[in-house]
Amino acid sequence: MHVIPKPGRMTEHAASFLELGPRTALAAEAGTERTERWLRATLTQATGLPLAPGGADGNDVIRLSLPADAARDLGAEGYRLSVTPRGVDLAGGGPAGLFWGAQTLRQLLGPDAHRRAPLPGRRWRLPQVHVEDSPRFRWRGLLLDVARHFIPKEGILRQLDLMAAHKLNVLHLHLTDDQGWRIEIARYPELTRTGSWRARSKFGHRASPLWDERPHGGYYTQDDIREIVSHAAERHITVVPEIDVPGHSQAAVAAYPGLGNTDVVDTAALTVWDTWGISPNVLAPTDATLRFYEGVFEEVLDLFPAQAAEFSAFVHVGGDECPKDQWRRSPAAQARVRELGLADEDALQAWFIGHFDRWLAARGRRLIGWDEILEGGLAPGAAVSSWRGYAGGIAAARAGHDVVMCPEQQVYLDHRQAAGEDEPVPIGHVRTLEDVYRFEPVPPELTGDEARHVLGTQANVWTEALEDQARVDYQTHPRLAAFAEVAWSTLPPPEQRDYADFERRMADHYPRLDALGVAYRPPGGPRPWQRRPGVLGRPFDGPPPNR
């Protein structure tokens, strides 16, 4: 009964169960095929039960449907689940809602329903319940930074499965940065040939004296990207790509030196950056740079097509943390400022972002970027990821722009989970499981009309100090469960939330994570092999530094 995220309404009938067995059938109405495929494949591998196709009449049947009243009452992502002696009735307000209901059904079967093979002697019993549920926010996202430390394709597919298990529906994939370029662009092969690997990596925070002297690299082929997008779509998850401009671009400049400010920097001598922080090497504001990135984005639009999914039109362009020193020293950049009649270098960055705002809009797409893109103004359709606290999101919503709330102080999951010395590479603010559970995405300063511009919220996982899948697991889980409940469930104000109830339900969720093979942080602190003794982080609790 301990479902996460918490359903809107769940009523338990008498303490009785429906037991699934070899004769249990799966009956799927038209339009439910995607959930039917997933449910049969997932439950068959976990239980060994065939779940053969069957008719909707009779007993011992799991029935999938998309009735009009569920769409009317619960919305496209809502669902209704009833378990009775006759069987299971799972009705979705739309295909996505049906799929989220299937996730609840799997949770009710117990943690072993999350395994990839059946265990001997298990009985598959469902409590007799009635559930009606729908999400609070439309955008329930997770950012995964694959530029700092590459995560192979199989790891991305796994993350999509873990997101689906928590009813998250947007994967923001951070594909390019100073430390690596991770997506194949056919017309510019050096982006991956040169830009996808670095000779070594800083180990720990950038102030650490330690280095990992092994080369690090990797990238996704275009077919890898197509597979990731398809795998996500089967789970009603949209993948939003990020190609960072005009800062965080040293890997691209190392691959194609002409993209940089060649009149002030020997860009031909640059390599992919091997440490963390903000590189001073940014893109030159030239027509040649614009044409180059238009070519990049043309291929990106083909790989991430705008489909029926609500957020599939979005393309993230970064736009954050662009040092202006090279532009100030560059005669070519200064000439561009004068030519365009701009006030200064900050306006030059706004011009750069504005160009791609218009370019994407002309192709039926929507630009989204970090909250720095507000500086200089945005076209009406552009949206903002508010990472430097709430201020950027408040300003964007008041200006009529859609907003995704992901403030660093609350939902950067690479930040440490406790103040203890055992936390591995203790970066940033202390944000406990309870802190994340008490996060509120909608600032109280917004009026009702302004708050409607908050599309939702997103947890961000940056990987400077997360060198492999186990470290990503440790930092992300179990806090992702708390975040998922904040994003999905309609909760009281933060100070009134029943964290004790959430902890009780988490006691059932940890075995699910175990069954899924997640190397999460245990409630009592890291296991010995999860620690990183002697690897420096950067503990702080004051105003956030640059990412």
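In the set (1) under 18 Å from His149 (Cα atoms); (2) in a loop (DSSP other than H, G, I, E, B); (3) touching a Ser or Thr at 6+ places or on another chain (Cβ under 8 Å), Asp244 fails one condition alone, (2).
Filtered by the rule that a residue be more than 14 Å from Val245 (Cβ to Cβ), in contact (Cβ under 8 Å) with a residue 40 or more places away in the chain and out of contact with any Asp or Glu (no Cβ under 9 Å at 6 or more places or on another chain), segment 327-363 gives a lone residue, Arg336. Condition check for Ala309 on (1) in contact with a His (Cβ under 9 Å, 6 or more places away or on another chain); (2) farther than 19 Å from Ile225 by Cα: one failure, at (2).
Within segment 364-388, the set of residues being in contact (Cβ under 8 Å) with a residue 60 or more places away in the chain and either within 16 Å of Asp320 (Cβ to Cβ) or among the hydrophobic types (A, V, I, L, M, F, W, C) (or both) comprises Ile368, Ala383, Ser385, Trp387, Arg388.
Within segment 414-437, is even one residue within 30 Å of Pro380 (Cα to Cα), in contact with a helix residue (DSSP H, G or I) (Cβ under 8 Å, 6 or more places away or on another chain), among the β-branched types (Val, Ile, Thr) and at pLDDT 95 or above? No: zero hits.
When segment 499-547 is filtered for residues that are at pLDDT below 95, surrounded by 11 or more Cβ atoms within 10 Å (Cβ to Cβ) and within 18 Å of Ala418 (Cα to Cα), the ones remaining, listed by number, are Arg532, Val535, Leu536, Gly537, Arg538, Pro539, Phe540, Pro544. Each residue in segment 1-24 was checked for being closer than 17 Å to Arg505 by Cβ, in a strand (DSSP E or B) and not charged (D, E, K, R), and 2 pass.
Can you find even one residue in segment 258-267 that is in a helix (DSSP H, G or I), surrounded by fewer than 22 Cβ atoms within 10 Å (Cβ to Cβ) and assigned by TED's automatic domain parsing to the domain that holds Leu173? Checked segment 258-267: at least one residue is in a helix (DSSP H, G or I), surrounded by fewer than 22 Cβ atoms within 10 Å (Cβ to Cβ) and assigned by TED's automatic domain parsing to the domain that holds Leu173. Residues of segment 206-234 that are assigned to a helix (DSSP H, G or I) and surrounded by 13 or more Cβ atoms within 10 Å (Cβ to Cβ): Gln222, Asp224, Ile225, Arg226, Glu227, Ile228, Val229, His231, Ala232, Ala233, Glu234.
Give me a count of the residues in segment 448-483 that are touching a residue at least 24 places away in the same chain (Cβ under 8 Å), surrounded by fewer than 22 Cβ atoms within 10 Å (Cβ to Cβ) and among the small types (Gly, Ala, Ser). Qualifying residue count for the region: 2.
Inside segment 414-443, residues that are closer than 28 Å to Gln496 by Cβ and out of contact with any Phe, Trp or Tyr (no Cβ under 8 Å at 6 or more places or on another chain) make up a count of 11. Only a single item in (1) under 25 Å from Glu310 (Cβ atoms); (2) modelled with pLDDT of 95 or more is not met by Ala382, and it is number (2).
Of the residues making up segment 16-64, those that are touching a residue at least 40 places away in the same chain (Cβ under 8 Å), over 12 Å from Ala102 (Cβ atoms) and among the hydrophobic types (A, V, I, L, M, F, W, C) number 5. From the list Pro533, Pro526, the lone residue that is within 26 Å of His149 (Cα to Cα), in a loop (DSSP other than H, G, I, E, B) and without any contact (Cβ under 8 Å) to a residue 12 or more places away in the chain is Pro533. Considering only residues that are closer than 15 Å to Phe314 by Cα and of a type in the set (A, V, I, L, M, F, W, C), which ones fall in segment 338-372? The answer is Ile353, Phe356, Trp359, Leu360, Ala361, Ala362, Leu367, Ile368, Trp370. In segment 370-478, counting only helices (runs of 4 or more DSSP H) that sit wholly within it, the ones holding 1 or more residues that are in the same structural domain as Gln349 (by TED's automatic domain parsing) and of a type in the set (Phe, Trp, Tyr) span 433-437, 469-476.
Regarding Arg521, is this residue free of Cβ contacts under 8 Å to residues at least 24 places away in the same chain and under 28 Å from Leu210 (Cα atoms)? Answer is no for this residue.
Among residues of segment 303-325 that are in contact (Cβ under 8 Å) with a residue 24 or more places away in the chain and assigned to a strand (DSSP E or B), those with a beta-carbon under 9 Å from a residue that is small (Gly, Ala, Ser) and surrounded by fewer than 19 Cβ atoms within 10 Å (Cβ to Cβ) at least six positions away or on a different chain give the pairs Phe314/Ala306.
When you look at Trp181, is it closer than 25 Å to Ser386 by Cβ, in contact (Cβ under 8 Å) with a residue 12 or more places away in the chain and buried (at least 23 other Cβ atoms within 10 Å of the Cβ), yes or no? Against the criterion (closer than 25 Å to Ser386 by Cβ, in contact (Cβ under 8 Å) with a residue 12 or more places away in the chain and buried (at least 23 other Cβ atoms within 10 Å of the Cβ)), Trp181 does not qualify.
The values are calculated or read from the model by the stated rules, or taken from the named source; none is laboratory data. A quick note: this is a predicted structure, and the numbers were derived from the prediction, not measured. Neighbour counts run over all protein chains shown; Cβ positions are idealised from the backbone, glycine included.
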